[in-house]
Structures are given as structure tokens and as C-alpha cells.
Amino acid sequence: MGQLLEIKNLHARVEGKAILDGIELTIDAGEVHAVMGPNGSGKSTLAYVLSGREGYEVTEGEVIFEGKDLLAMAPEERARAGIFLAFQYPIEIPGVSTSVFLKSAVNILRRERGESELDAMDFLKRAKEKLAALRMDQKFLSRPVNVGFSGGEKKRSEIFQMAMLEPKLAILDETDSGLDIDALKIVAEGINALRSPEKATLMITHYQRLLDYVVPDKVHVLAHGRIVKTGGKELALELEEKGYAAFDAASKDAA
Amino acid sequence: MTVPAHRDASGVHEATCKAYLDRFAAKRAELPGAGLPWLDAWRERAIERFAEHGFPSPRLEEWKFTNLSKLAETVFEPIPSAANGISREDLGGYRLEGASDHLLVFVNGRLRPDLSDTGAPGEGVTVTGLSRALEDDAEAVEESLIGAGDPSAGERASALGQLNAAFMGDGAVIRVAANAQPERPVHLLFLAHADKEPAGMHPRNLIHAGEGAKLTVIESYVGLSDGPYWTNAVTHVTAEKGAAIQHFKFQAEGAGAFHIAATDVDLHENAAYTSFVMSLGGILARNEIRARYNGEGVHCALKGVSLARGRQHLDTTTRVDHLMPSGVTDETYKGIVDDRARSVFRGKIRVAPGAQKTNAYQLNQNLLLSDRAQADSKPELEIFADDVKCGHGSTVGDIDAEALFYLRARGLEEREARTLLIEAFLGQLIDDIEIGPVRAMAREAFTGWLAGLDG
Amino acid sequence: MAVSSETLETVRSVTGGEYKYGFVTDIESDFAPRGLNEDIVRFISAKKEEPDWLLQWRLKAYRFWTGLEHEEPKWSKVQHPPIDFQDAYYYAAPKEAKDGPKSLDEVDPELLRTYEKLGIPLREQEVLAGVAVDAVFDSISVATTYKEKLAELGIVFCPFSEAVKEHPDLVQKYLGSVVPYSDNFYATLNSAVFSDGSFVYIPPGVRCPMELSTYFRINAANTGQFERTLIIADRDSYVSYLEGCTAPMRDENQLHAAVVELVTHDNAEIKYATIQNWYPGDKDGKGGIYNFVTKRGACRGRNSKISWTQVETGSAITWKYPSVILQGDNSIGEFYSVAVTNNYQQADTGTKMIHIGKNTRSTIISKGISAGHGQNTYRGLVRVMPKAKGARNYTQCDSLLIGDSCGGHTVPYIEVRNPTARVEHEASASKISDDQLFYCRQRGLDLEDAVSVIVNGFCKEVFQKLPMEFAVEAQKLLDVSLEGSVG
């Protein structure tokens, strides 16, 4: 399978403060990667830089997505190119029903891919299937986007949206946090259902427990804005055992 | 747009205005600082403006809810006679025992050095009477007065402020040097003992905190007699860059008193100003605070409670001008209204063009305890910038019947239950006062007021 | 000079085509001479063959108005150059066969094309939409559909001038009973010179089976439009009324000073919805309608209800406060409003809820959106009178600010004279959150769509009060109004 995403020497600042300090990361189609690290290591910053959030200033390096310069693209262009970010803290949009919101997003992406738009019936049929798989109530569609959702509902809503939008690269920012074990399993099923040879997933997480259910091909340890170690799924277990301190020290030595 | 001032056409007001003009003409030479050319001119201009506008009428938006016709019926002697009978013993509980080094006591508008304690020097604080300051260092007073803006011109002025400028008698001049942080508060105690004549007091206070300075100041207005008199106070507060001022005010005027007070607050970069006003005296009172944010990053907390009963009319008016970015305003005013009393809140927050990142909220809540109690509320936002978070809330209602029932079901008598719920309505505001002795004083006043409820 | 050529000239001189409804219909009009005096008032009344009592009422209003000179309301936040009330025509009507159209077939085809451009093909609506339309063109009503069907139920839905002839008792009883001729400067002017409008009477126990709808349109140049609408819902009745407004593009400002009076008796309900899209002026604030309107309803009966919904996207200046006087015990007043100001538009709008009866309830939901140099003010009064035991009000005013040159203001007045009342008011003002925009864009929406989605969500509580097809129209209008405001 070909290379989907390539991050080269990525440096980024937030409010003048350097957060990312030379990230190197390549993701091939079909792969699932996990980026792990302690609080403040730059995990969420990486997710936001990749999705193009304002206020995250890239000072050096490049990101190539399917041969294109990702950093030159507007957030919606990245989304249309197939990048999906499951937010750590999903945003509430009062007054906008989830179905109306998602239907426009789905059809924008379908148009982009040269597919026909879904009409209301088709959309609803598909949405119901995906909701059922995530064990979510259909009423959810008529509720305003994320408004009044519990923490767990918000996370599931993100996975539901991901399932509907069928991205090439899904970036999951701490999707596991705040979920009880049952919800975690359901969400993991949702993520696994999307695995395919053409698609890839980048999971950002503090804990390894999600990785028990979504087994990654590669695990990266992020500390002080750099990837300090890369390994297989066993690296996650090692982290769980030893904690981040060891890697922290290693990165400081490197710096 | 402001409504053009309408002069009240009633003959009574005309006659009262004329009486004040006559008093001014007759007594101007006796006023403090008479003979200082700038001050003479300043007073002259003020009385002219007062003559032009007269007493504000309810047709003016600013006075829509507060009718001054009763105030305008009487001529309050603007240079009242001193009440010399008062001694230190009479100060009794009005002093903040052990809490303040600096106590200035004014009786009928005049500083009484014999009753005052000017405190230990060397903390970077100077506290003097205005009248004295005009003798010792008129230039500095001029600078403060003129620096605070011509009080007889522009939007910040009102006809009553002009009358104050014309008859300005005494007041406190407080200066805190840069970075000075006196440990204890400065207490200004204004006593009124007007049993011989309707006295009109026009105090003016100048409070200045230099860069990085900290100051706590307490103003108390206490009536020792129930007859009619009028306090018409103007206070200028300036907090320079990074200065922090806590300002408490107790309005406990006599039962027949009129109390009109305007506090102009100028706040510079990163200054902090906290105000707490407790208003429970007088027959008609208005506390007006006008704050301007002249620098970025100003923090301002305006809090207050009004406790109105009988036929009291208690008015709280605030105006906050966010002229610069990143200002924070947190306003909460609560009123409890019993009998045939009336509580009025008018609060305006204005965010000027360019004052981005402003964060401002105002809350007004009123609890009505009787069939004929009244409340008026007008929280107002005027916003000319987009990157802001502003809001307000206002509620009026009586005691929650369900809560009352709940408490009675738990065995409380109705009277107890009511008192508990009334207490709960604004107790927190008092508990949040940081300075212990001040909190105790507010708590005591509130408890005393609650004890006077009919049940 | 024939109006047709004058108006066409005006239109030719206007460039650009942002305002979809900015065309002028080429038909001959019948004008009263320019200016305003007692003779004009008499002329209007005579033209309409009005009874003497109505002429006298107009004259009373006119005389009162002349005493009000220079007393135009100044308390609102809107600003405009002084209006020369002598430099306008107070009567303009399309010239037609003397007796007016008996059916749609007799209506000037040019007029019908105008309505088609506006999106209200009368015939189609008659058949498909089930909406009865009373169309007011400049000053007189040209066609009323569905009249017969309504007549079977005893419902009167006709041009005001026709009601004066056919139902003089009803008109005389209610005209000016909610908005007296002396109410305010513009209402007084309207009382003197009002041209036409709609009249609705729903008899006791009747539920009007369809939405009643009126489209107003100012066509001729230099004419003020002073329509007058009166809706009476007798006891146990119900009616839903919709009003839409458009006007052609012109460089000069035009005055629109309407009066709407609503009356509900015991257990009756009136829903009144407005979509106001008068010409807002161009990007530089040139031209546009001055929309100075007095709308007020009286809940006279017990358990009666009046609900105002308005979507105000047009006009250079909007000055209106649809209000409810809650007289009957248990009566309900509602006000749902979306007001948009872009470019140099100004809106000062809100409501008055006057609680007089026991257990009266009111709800106020106001959504103000300001963009460009637009100034948007919510101004509202909630007054609880001493006898209004158990009165309730809930008010929520939200302002959305788009761009750093606009203004959003909130001026509520709360006056409570009864301790058992419960009044709650909340307001907020902010810009569209960057987080929301980013979230939408991350899902593939471009900036403009993201703004549109968020703004429509912001207005949802109001839009859902509109019948479906009008909600869709309102959303579209919102998008058009805010075009170019973000980027």
C-alpha cells in the first residue's frame, strides 16, 4: 500500500510558544498508528496542525497528504481531501440539528469524491444503520449538534460522524477519554469497522487501554514535541508498565 | 443619543433653583478655596450649568425611574451650620474598631479633625480634608479636579453634580503613592445631624492610587436625625496602572434624608476596582457609579445590595465604559423590597469600537416582599466590537412558594422560613466581602434589617 | 409626467442587482398631488368613498399630527436625516377600470407578473399552497383570493377599504381601539393618510382553515406607504396571518409607516408572522426603506393569545415594537424576532408586554444579528401592573456580532408592580465562535456555509415558529442578507 501521510520535521507554535519540535511520521494506507504521550507533550497540537486550526503556527517542516501540500490547504479543503478529526472536546452548535449538519457534510464530501448526493431517504437509512452499530438512539439525529450531550455521547457522536463521512485518514484525539469500558468497546468496534486497505487511522491517546481493542500497527511516543520512540503494539504495554518518565528523560537527553 | 435636557417647568423647581442661585451669589466668598481664580471660575461655570438645566426631570432617560420633585420642593441650606455637640462617644458603632488607621469624620459636610484620626505616616498614604488641601496645596487639588474631567461638562455631568461643584464644601483627599500598599483601610464617616434646618451637604472626595498601589476605602453615610436633609456627594476615583482599589460604601442616612451620590472611576491599564454598596437609608437614594476603562486589562467588580422598606426609593445606576480591550466587568446588584418601597436598577455597559476581548456581565435580582413593593430594572448593553462576551440577567419575583413550603414541611415556622430564604437571597454577596470588619458591618446591618420585617 | 417613465428612469439609474426584488412595475398610477394638508386627507377619503365618520377620524388625526411637528421619536438608536413630509405622495394607486377587478382575470397582467417575480403566483397558490393572499400593491388591494371559501365560514378577509364599505360597524368599533390615532408620531400620520391594508374578522368559534397572507409592495417612486391592518378574532376563534414585504430599489429613502391592530376575545388566538424584506439600501447605505411601524395587539378576552413572529432582514431603518396588552386573565403574549442588519442598516426593534390581567404570561425571544456597519438594538418593555397577580415573563435576547464595525445593543425595561409576578430576562452578545467555525470546516463546510449553518441555528427558536415554507424563505433571506459579511 502507498504512503498516505508524511510529516517531515514539523515545528509549530501556539501563542508564540514552541510546542512541536521536529515531528517525523509517515503513515501508509491501511495502517493504524497510535501517538502516545504525557499531558503537554504536543499530542493535541499535532491533531490541530494536521486539521488546520487557526492559531497553530507552523514554523518549519512540511506535511504531504496523498502527494499534496496539506499545510497550504484550508480546513475544509483538508476535510474534503479525506481528513477527519474526532475532537477531544466536540463543539456544541445550538439550533443546528445533527442530521441537517451531517447531511450537508456528507454530501459535500460525496460531491468532492465524484459520488452522487444522498437524498433524505438514503441519508436516513444509512445514518440509522451506523447509529445501530454504535448502539445509539435515532433521536440523536434530531438533537442539535453536541448540545446537551454527555461526554460519552459526544465521543460516540464523533465516531458516528466519522462512520458517515468515511475519511481516508481519521485522527482521533483522545477519543477514549471519559468513556466507560462498555462505551470504549463500542467506540473501538466503530473504529475497527472503518479499517480498510485504503484508509488509515491516527489515534492520539494518553492511555493504552483503547489499544487493547484497536490494535495499532505502530506506536509512537511523543515527548516535548518530538517522537522519541517508535515501535509495535508492545511499546504501548511497555509504556503502561514503566510510565512516561523514562522516555521523558530520554528526550531531554536528546535535546 | 441622549435626550436633550428638559427643564422642569413647574414653578416649585424654578423657585428652588432660584434660591440656590441666590445662596451662591450671597455665600460664594465663604466657600472653601474662595479667591482661587480657577476654582471661582469653575464654581461659576457649574452654577450656570445648573441654572440652565435645573433638577433632572423623569423625562430624561437617566432619571426615568427616579423622580426628584420631592427633593426639588425644599431648599436645603447648602452651607449648613455645624453640629458641634457631637463627641467621640457619639461615633460609637459607626467606627470600624481596630480596622482602620485613617478615619476622617465629617459632620454636616465639614471635616471634624477633633473626631478624626489621620493615622501613622510613612505608609505612602496621605489623607486630608478637601478644604484643608485647598489651603495647603491647591495646585494638586486643581490637577485632580480638572484631571478627573470638567465635572460641569459632558456626559459624566449631571445637574446635581454641577450643584455639588458650585457648593463643594469639604471631603476627603486620599493619595496612595506608587506601589504603596497600606495594610488597613481608610474610613470616611459622614454624619448628618440636621435638626435645625434642612441641611444640604455637598461633599467631594478625591481618591488616587498610584501605579501598583493598593487601597481599601470605606465611605459611610449615617444620619443621626430623622428630619429632611440632603447629601449630594461626588467622588472621583483614579487607579493608575496596576493599582487595585477596594471601595465599600454604607448608605445609612436618616429616615427623611435624600442621598444622591455619583462616583466617577477612572481605571488605567491592568487596574482593578471592586465596589460594594449597601444601601438601606434615606427616603430617596441614588448611588451612581460611572467607570471608564482607559487602559487594557482592567478588572472591575461592582456589587451591591439595596434594602428598601416603608416608602423608600433606592436607585442604583451604573455606567461602565469599556474604552480599551480585554476589560472584565462583573456586576451583581440585588434588591429586597418591602412595604411600599421601590428599588431601581439601571446599568449600562458600553463596549467602544476596538475594545475587543471584553468580558462583561451584569446581574440584577429583586425580591418583592409586599403587595405594593415595586421594582424597576434596566440592564443595558451597547456593543460596538465583535470579539466580546457580554450578557446580563435580571429577575424580579417574590419568595419561592415551593421553597417556603419545603422549609415549613421540615418544621420551620413561616416567619423563620421566610427570613431564611430572604437571607439566602443575598447572604452570599455579603459573605464574599473580603475585608473582615467590613463584612461584619454589612452582616450586622442586614441582620438588623431582617429583624425589622413584619413577618 | 407619467409615472411609468419616471420610475423606469429611476431603475435604469440604479446599477447592480443584489436586491432580487428591485424591479419596478410599468403601469400607470393615479397620484394625489405631492405634499400633505387637509385637502390631501379629504382627497384620500373621497377617493375611497369613505363615510363621514372616517373622514372626521382622519382629520382629527391629521390635526393632532400637525401639533406634533418636530416630535418625531428621538429616543431610539436609529439616526437619519430629517424627513420632509411635504416632499412625498400620500396616495398612489394603479389606474384601472373604475370598479376594480372582480376576479384575477381582470387584474392587470403586468401586476400579476410582478407577483410572480416576488414568488407569489396567486393562481398557483390558490390551487397548491392553500394560502389565501390579499395583495396590496402600493396603496390599494388588487386581488383577494379564496374569499368565497372563507366567506362560507363567516370569515371576512378583504382590503381595508372594502371592509369600510361592507362592514362599517366592525371597522368603526375596532379601528383605533388598540392603537389610538394619538399614539405616536408615525401612527398618527398613518391614521390621517392610511391608504389600504387588510381586514380580517374571524367569527366566534371559527378556526380559520388556512394561513391568511398579504404581500405588501411599494412600487411607485416617492410614495409613502401607509397601510392599516385590523384583525379581530372573536371568542373561541383562531387565525394565523402572514405578511411579506418587498420594495424596488431606489436611491432615495422611502417611508413606510404602517399600523397593525389585533384584537382577541375570550379563548381566541392570533398568530401574526412577518417576513420583512424591504429594500435595505446599497452597500454604502444609500437608499432603502424607512420602516416605522406600529404593531400592537390586545388580548381582551380571558385565555386569549397573541403571538408575533418577525424576521426583519430588509429596510434601511426598522423601528417597530409589536406589542401585546394582556388584559384578559390567563392571556398569553409572545414575541419571536430575528433582526438582521448588514452594511449600513439600522434596526431598533423589540416589544412591549403589558401585563394587566391575572396569570398573564409572556415570552420574548429576540435574536439580533449585526454585520458590516449595521446597528441592531433590542428595545423591550415588560410591565407588570398592580393587579396582574401571578404574571410571568421570560425574555431572552441574543446578539450575534459579525465584524468589528457593527453594533449590537440591548435595552430592556422591566417594571414590576406586583410581588407575585416572576420576570426573568437574559441577554448575551458575542461573535460566532471560532471553535464552531472550525468544527464545521473540519467537516467540510466552507466558511460561508459554516456561518450560514451557525447563524440559522442561532435563529432556530424563531424560525420554528414560522410555517415550513416561510421558514425556508426566512433562512434564504438570512443568507442573502449576510452575503459578503464574512471572509
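The table for this structure:
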{"item": "Tally of residues being buried (at least 23 other Cβ atoms within 10 Å of the Cβ), under 29 Å from B:R372 (Cα atoms) and more than 10 Å from chain B (Cβ to nearest Cβ) across region C:372-390", "result": "2"}
{"item": "Failed item, numbered, when B:R340 is tested on (1) closer than 29 Å to B:E183 by Cα; (2) out of contact with any Ser or Thr (no Cβ under 6 Å at 6 or more places or on another chain); (3) not in a strand (DSSP E or B)", "result": "(1)"}
{"item": "Qualifying residue in region C:363-371 (condition: surrounded by fewer than 24 Cβ atoms within 10 Å (Cβ to Cβ), more than 18 Å from C:P73 (Cβ to Cβ) and touching a Lys or Arg at 6+ places or on another chain (Cβ under 6 Å))", "result": "no"}
{"item": "Residues that are of a type outside the set (A, V, I, L, M, F, W, C) and not in a loop (DSSP other than H, G, I, E, B), drawn from region B:32-57", "result": "B:P37, B:D40, B:R43, B:E44, B:R45, B:E48, B:R49, B:E52, B:H53"}
{"item": "Some residue of region A:8-28 being farther than 23 Å from A:E198 by Cα, charged (D, E, K, R), touching a residue at least 12 places away in the same chain (Cβ under 8 Å) and within 14 Å of another protein chain (Cβ to nearest Cβ)", "result": "yes"}
{"item": "Region C:322-346 residues that are at positive phi, paired with ones that are among the polar types (S, T, N, Q) (beta carbon under 6 Å, 6 or more apart)", "result": "C:N330/C:N303; C:N330/C:N359"}
{"item": "Selection within region C:451-471 - at the interface with chain A (Cβ under 8 Å from one of its Cβ atoms) and more than 29 Å from C:V382 (Cα to Cα)", "result": "C:V453, C:I454"}
{"item": "Residues that are surrounded by 15 or more Cβ atoms within 10 Å (Cβ to Cβ) and over 10 Å from C:L445 (Cβ atoms), drawn from region A:101-111", "result": "A:L102, A:K103, A:V106, A:N107, A:L109, A:R110"}
{"item": "Residue within region C:87-100 that is modelled with pLDDT of 80 or more, surrounded by fewer than 16 Cβ atoms within 10 Å (Cβ to Cβ), part of a loop (DSSP other than H, G, I, E, B) and not small (G, A, S) present", "result": "no"}
{"item": "Pick from region A:64-77, criterion under 16 Å from the mean Cα position of the chain (by Cα) and more than 8 Å from every other protein chain (Cβ to nearest Cβ), ranking: nearest to A:T201 (Cα to Cα)", "result": "A:F65"}
{"item": "Candidate set from region B:58-74 (those that are part of a helix (DSSP H, G or I) and in contact (Cβ under 8 Å) with a residue 24 or more places away in the chain); member that is nearest to the other protein chains (Cβ to nearest Cβ)", "result": "B:E61"}
{"item": "Conditions (1) within 12 Å of another protein chain (Cβ to nearest Cβ); (2) more than 22 Å from C:L445 (Cα to Cα): number failed by A:L85", "result": "(2)"}
{"item": "Positions within region C:392-450 being polar (S, T, N, Q) and facing chain B (nearest Cβ under 8 Å), in sequence order", "result": "C:S399, C:S405, C:T410, C:N418, C:T420, C:S428, C:S430"}
{"item": "B:R418 vs. criteria crowded, with 19+ Cβ neighbours inside 10 Å and either facing chain C (nearest Cβ under 7 Å) or not in a loop (DSSP other than H, G, I, E, B) (or both)", "result": "yes"}
{"item": "Answer from B:G210, B:G223, B:G227, B:G171 - the residue that is more than 20 Å from the chain's Cα centre (by Cα), assigned by TED's automatic domain parsing to the domain that holds B:V265 and within 23 Å of B:P78 (Cα to Cα)", "result": "B:G227"}
{"item": "Residue list for region C:41-55, filter: surrounded by fewer than 19 Cβ atoms within 10 Å (Cβ to Cβ) and farther than 17 Å from C:G176 by Cα", "result": "C:R42, C:F43, C:A46, C:K47, C:E49"}
{"item": "Set C:S362, C:S337, C:S370: member being within 13 Å of the chain's Cα centre (by Cα) and closer than 23 Å to B:G393 by Cβ", "result": "C:S337"}
{"item": "Which numbered condition C:L175 fails, given (1) crowded, with 23+ Cβ neighbours inside 10 Å; (2) in contact with a helix residue (DSSP H, G or I) (Cβ under 6 Å, 6 or more places away or on another chain); (3) at pLDDT 90 or above", "result": "(2)"}
{"item": "C:D266 vs. criteria in a loop (DSSP other than H, G, I, E, B) and modelled with pLDDT under 80", "result": "no"}
{"item": "Residue tally, condition within 30 Å of C:K367 (Cα to Cα) and more than 7 Å from chain C (Cβ to nearest Cβ), over region A:89-120", "result": "12"}
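Yes/no per residue for (1) surrounded by 15 or more Cβ atoms within 10 Å (Cβ to Cβ); (2) aliphatic (A, V, I, L, M):
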| residue | (1), (2) |
| --- | --- |
| A:E60 | no, no |
| A:E66 | yes, no |
| A:E76 | yes, no |
| A:A81 | yes, yes |
| A:S99 | yes, no |
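The values are calculated or read from the model by the stated rules, or taken from the named source; none is laboratory data. From a predicted model like this one, the values you see are computed outputs, not experimental measurements. Ideal geometry is used to build each Cβ from the backbone, glycine not excepted, and the neighbour counts take in all protein chains shown.
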